[in-house]
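Undergrad: I am attaching a structure below and will ask some questions about it afterwards.
The values are calculated or read from the model by the stated rules, or taken from the named source; none is laboratory data. This is a predicted model, so every value here is computed, not measured. Using ideal geometry, Cβ is built from the backbone for each residue, glycine included, and neighbour counts are taken over all protein chains shown. Please note that ligands, DNA and RNA were not included when accessible areas were found on the heavy atoms of the full protein model with its side chains. Shrake-Rupley method; radii C 1.70, N 1.55, O 1.52, S 1.80 Å.
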Amino acid sequence: RLRREAAEYYQGHHVPERMEEALNTLFPLRPGDLYGELANYFSKFSKAPVICKLVGRKVLDGVGQPTLEVEIYCTVKNYEKRICSIVMASHSQIPENALPETIEADEKERNDSVHTAVEWVNESLTTMLRDLESTDQCQADKTLGEYFANKVEEKKEIQKREEEEAAKVTPAPASCPPTPVPKQKKGGKPVKKVLVEENPIPPAEPAEPVLCGSLAIGGTSLAIAKAGATISRVPLYLYIALLKHDQKPPKEITLPLPMVTLLNCEKNLPTKLKLVKEVMLIPPVELSLKQGIERIQDIQKEMTRLLESSGKTPGPQADSKKGKSQSSGKKALPPPLKRISHLGCLTTGYDNLEQLLLLMQKACKNIGLELGTDMYLAINCAAHELMDYDKGKYEILTGTFKSPDEMVAMYMEMINNFPFIIALIDPLRKEDREQWSSICCALGSKCYLIAEDAATHISKLKTDQNINIAMCSGVVLKYINQTKVSDLIELTGILDGQRHITILGSPDGESLDESLVDLAVGLGARFLKLGGLSRGERVAKYNRLLAIEEELAANGTLREAKLEFIVFAGESQPGEQLPDVLPAPEQD
């Protein structure tokens with residue numbers, strides 16, 4: 001009876017026929033490892049690996065801040081097997097000059113969020129995603145999205161109940177008397193009052209709320225994508241490209257151009273220049289990535305030498321006394337050990353923009369290079385950190401303020417004088433939409449105008465593709481919080497259709513995880529903003545990009561990148577190519 005049941009069982013699974021096929025196929029080959037080849041032959045008939053367990057844990061990122069690691073375990077040929085893990089980058093919206101209590105509150109919030117994310121991964125998400133095929137990214141992201149939406153609704157209900165309870169306990173506030181209008185002084189000129197009324201700046205939009213624990217959603221989605229690539233035995237960048245293009249393998253792949261941060265000009269230094277947060281180098285497209293990185297290293301060495309020889313300390317130790325000693329002709333003290341920013345580059349400061357750019361030109365000239373031909377510059381202005389809301393103006397230098405319209409004129413002059421600057425990141429706040437339009441019409445044909453902080457609400461494009469986003473050449477997307485892989489695929493498709501370029505950016509608190517590079521390559525990003533060529537978590541990503549270049553070149557699928565600027569059409573005559581520089585539109 002047992003023999004009959006066994007025969008029926010094996011015949012029902014076609015074991016005898018497949019065994020005969022395997023033996024007949026392998027005998028002419030006479031493989032050295034017969035049993036290994038038999039295992040390979042039968043593995044194609046095994047069930048697809050399915051997720052059996054997720055493991056979330058709290059780890060530290062590259063700047064020592066807590067973040068989330070997600071591990072994926074799958075059932076492979078009846079055994080539980082660890083497939084891969086990812087570590088999420090941490091991101092903070094706290095500006096450099098934040099108050100200590102604000103920083104402390106942010107750190108507590110980050111700790112709570114990571115703790116909650118670990119609980120979500122180890123409990124709810126493990127249960128919900130168990131037995132799902134690791135290659136079913138669409139279903140995984142759908143499940144994660146529904147879970148997150150439910151958590152958002154739960155949070156709203158809790159807040160609503162808390163507000164109702166607080167309203168019962170707290171008495172209604174007394175009505176405030178009307179604010180008296182100050183009388184105009186005798187002989188005073190009402191010009192200032194008229195100017196304020198004519199050009200009020202739009203108030204800052206509130207930051208998008210981040211749900212506690214949201215790291216779990218992004219971390220799990222990316223971990224499943226990485227597991228799917230591992231199971232499919234393809235690189236993650238190719239797996240992402242296949243997801244984006246409906247499983248059609250691309251004939252050629254273009255690497256994103258790196259924006260390599262050379263200098264981090266912190267805005268809380270005693271030096272005057274506040275307009276520049278990062279100075280980045282972009283190698284010309286004619287060079288391979290390897291050649292471009294080597295050239296950037298040469299420029300970095302020469303810049304370091306110039307800073308040291310001039311006695312200019314690349315760090316917050318530089319003070320006005322040292323500046324006085326230099327200006328009076330006294331020999332400057334040798335600079336202390338160079339300070340490397342969390343972005344993986346030198347930290348320094350300058351008193352004006354021309355001083356910085358002329359030094360960059362000198363460094364390149366000293367090693368036989370010319371800016372604008374052999375290397376290009378990109379500048380991250382981080383304009384949202386410059387606004388003085390009391391004055392309604394940007395503080396570009398200590399004590400020097402400019403209105404949004406004056407900022408546009410300043411940038412036009414800057415690009416005309418220094419045409420080797422081919423990208424400005426966050427030249428204005430996202431609220432200054434009219435000025436974004438003006439600067440794009442004036443400079444879009446010769447410079448990328450990129451929104452990073454100004455693209456905070458870009459995620460809303462998924463639900464409303466007609467959302468009123470400030471005009472720009474492109475946006476920096478970051479893989480943070482509840483962002484899912486399918487979200488990035490959908491967003492980049494929308495941005496491609498709207499003639500925006502995509503830049504994948506590295507958040508402040510990076511980890512050694514290299515997945516961001518594969519995402520950028522697979523999604524077809526134009527640029528990749530990773531920080532400088534120091535610190536392990538930054539360098540690991542550049543090394544991954546170099547490895548991908550080598551692999552694509554060996555396969556004959558590497559396509560050369562192109563630098564193509566976007567010409568914005570004027571509102572009065574849509575579709576007409578604009579001249580190189582247009583004046584800012586007049587106020588109605």
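Undergrad: Name the pairs: first residue in region 234-250 and part of a loop (DSSP other than H, G, I, E, B), second residue surrounded by 15 or more Cβ atoms within 10 Å (Cβ to Cβ) and of a type in the set (D, E), Cβ to Cβ under 7 Å, at least 6 apart or on different chains?
TA: Pairs that qualify, where the first residue is part of a loop (DSSP other than H, G, I, E, B) and the partner is surrounded by 15 or more Cβ atoms within 10 Å (Cβ to Cβ) and of a type in the set (D, E), are P235/D518.
Undergrad: A follow-up question, please. Given A174, A204, A167, which one is at pLDDT 80 or above, outside the structural domain of G392 (by the TED database) and over 30 Å from L428 (Cα atoms)? Before you say what the answer is, go through the steps one by one.
TA: On the way: A174 fails: at pLDDT 80 or above; A204 fails: over 30 Å from L428 (Cα atoms).
Result of the check over A174, A204, A167: A167.
Undergrad: When you go through E37, E8, E104, E17 one by one, which is the residue that is in the same structural domain as L222 (by the TED database) and among the acidic types (D, E)?
TA: Details: E37 fails: in the same structural domain as L222 (by the TED database); E8 fails: in the same structural domain as L222 (by the TED database); E17 fails: in the same structural domain as L222 (by the TED database).
Selected residue: E104, the only one of E37, E8, E104, E17 that is in the same structural domain as L222 (by the TED database) and among the acidic types (D, E).
Undergrad: Follow-up. For a quick check of your reading of the model, give me the residue pairs whose first member lies in region 274-303 and is farther than 15 Å from L343 by Cβ, whose second is part of a helix (DSSP H, G or I) and of a type in the set (F, W, Y), with beta-carbon atoms closer than 9 Å and at least 6 apart or on different chains.
TA: Once the first residue is farther than 15 Å from L343 by Cβ and sits in region 274-303, its partners that are part of a helix (DSSP H, G or I) and of a type in the set (F, W, Y) give L289/Y542; I293/Y542.
Undergrad: Return yes when K446 is assigned by the TED database to the domain that holds L269, surrounded by fewer than 16 Cβ atoms within 10 Å (Cβ to Cβ) and either hydrophobic (A, V, I, L, M, F, W, C) or within 25 Å of the chain's Cα centre (by Cα) (or both) and no when it is not. If you could, list the steps in order and put the result at the bottom.
TA: Working: assigned by the TED database to the domain that holds L269: yes; surrounded by fewer than 16 Cβ atoms within 10 Å (Cβ to Cβ): yes; either hydrophobic (A, V, I, L, M, F, W, C) or within 25 Å of the chain's Cα centre (by Cα) (or both): yes.
Yes.
Undergrad: Here is a further query. If we scan region 79-91, do we find a residue that is open to solvent by less than 100 Å² (accessible area, probe 1.4 Å) and assigned to a helix (DSSP H, G or I)?
TA: Pass one, region 79-91, residues open to solvent by less than 100 Å² (accessible area, probe 1.4 Å): 83-91.
Subset that is assigned to a helix (DSSP H, G or I): none.
Looking through region 79-91, none of the residues is open to solvent by less than 100 Å² (accessible area, probe 1.4 Å) and assigned to a helix (DSSP H, G or I).
Undergrad: Checking the conditions here, which among T492, T483, T502 is in contact with a Ser or Thr (Cβ under 9 Å, 6 or more places away or on another chain), of a type in the set (S, T, N, Q) and without any contact (Cβ under 8 Å) to a residue 60 or more places away in the chain?
TA: Of T492, T483, T502, the one residue that is in contact with a Ser or Thr (Cβ under 9 Å, 6 or more places away or on another chain), of a type in the set (S, T, N, Q) and without any contact (Cβ under 8 Å) to a residue 60 or more places away in the chain is T502.
Undergrad: E434 - would you say it is open to solvent by 40 Å² or more (accessible area, probe 1.4 Å), at pLDDT below 95 and in the same structural domain as L289 (by the TED database)? Show your work before the answer.
TA: On the way: open to solvent by 40 Å² or more (accessible area, probe 1.4 Å): yes; at pLDDT below 95: yes; in the same structural domain as L289 (by the TED database): yes.
When the stated conditions are applied, E434 passes them.
Undergrad: May I pose another question? Check region 377-393 and report whether any residue there is assigned to a strand (DSSP E or B), surrounded by fewer than 16 Cβ atoms within 10 Å (Cβ to Cβ) and in the same structural domain as D508 (by the TED database). Show your work before the answer.
TA: The initial filter retains those residues of region 377-393 that are assigned to a strand (DSSP E or B), namely 377-380, 387-388, 393.
Filter once more, so that each one left must be surrounded by fewer than 16 Cβ atoms within 10 Å (Cβ to Cβ): 388.
Next cut, in the same structural domain as D508 (by the TED database) only: 388.
Scanning region 377-393, I find at least one residue that is assigned to a strand (DSSP E or B), surrounded by fewer than 16 Cβ atoms within 10 Å (Cβ to Cβ) and in the same structural domain as D508 (by the TED database), so the answer is yes.
Undergrad: Follow-up question, since we're still on this one. Report yes if G368 is part of a loop (DSSP other than H, G, I, E, B), open to solvent by less than 30 Å² (accessible area, probe 1.4 Å) and farther than 26 Å from W436 by Cα, otherwise no. Spell out how you get there, then give the answer.
TA: Numbers: part of a loop (DSSP other than H, G, I, E, B): yes; open to solvent by less than 30 Å² (accessible area, probe 1.4 Å): no; farther than 26 Å from W436 by Cα: yes.
For G368, the condition - part of a loop (DSSP other than H, G, I, E, B), open to solvent by less than 30 Å² (accessible area, probe 1.4 Å) and farther than 26 Å from W436 by Cα - is not met.
Undergrad: Turning to a different aspect of this structure: Anything in region 213-246 that is surrounded by fewer than 17 Cβ atoms within 10 Å (Cβ to Cβ) and not small (G, A, S)? List them, or say none.
TA: Just the residues of region 213-246 that are surrounded by fewer than 17 Cβ atoms within 10 Å (Cβ to Cβ), to begin with: 232-234, 245-246.
Answer for region 213-246, where residues must be surrounded by fewer than 17 Cβ atoms within 10 Å (Cβ to Cβ) and not small (G, A, S): R233, V234, H245, D246.
Undergrad: Only residues that are in contact with a Cys (Cβ under 9 Å, 6 or more places away or on another chain) and among the hydroxyl-bearing types (S, T, Y): list them for region 239-271, please. Write out each step before concluding.
TA: Step one: of region 239-271, the residues in contact with a Cys (Cβ under 9 Å, 6 or more places away or on another chain) are 243, 260-264, 271.
Within region 239-271, T261, T271 meet the criteria.
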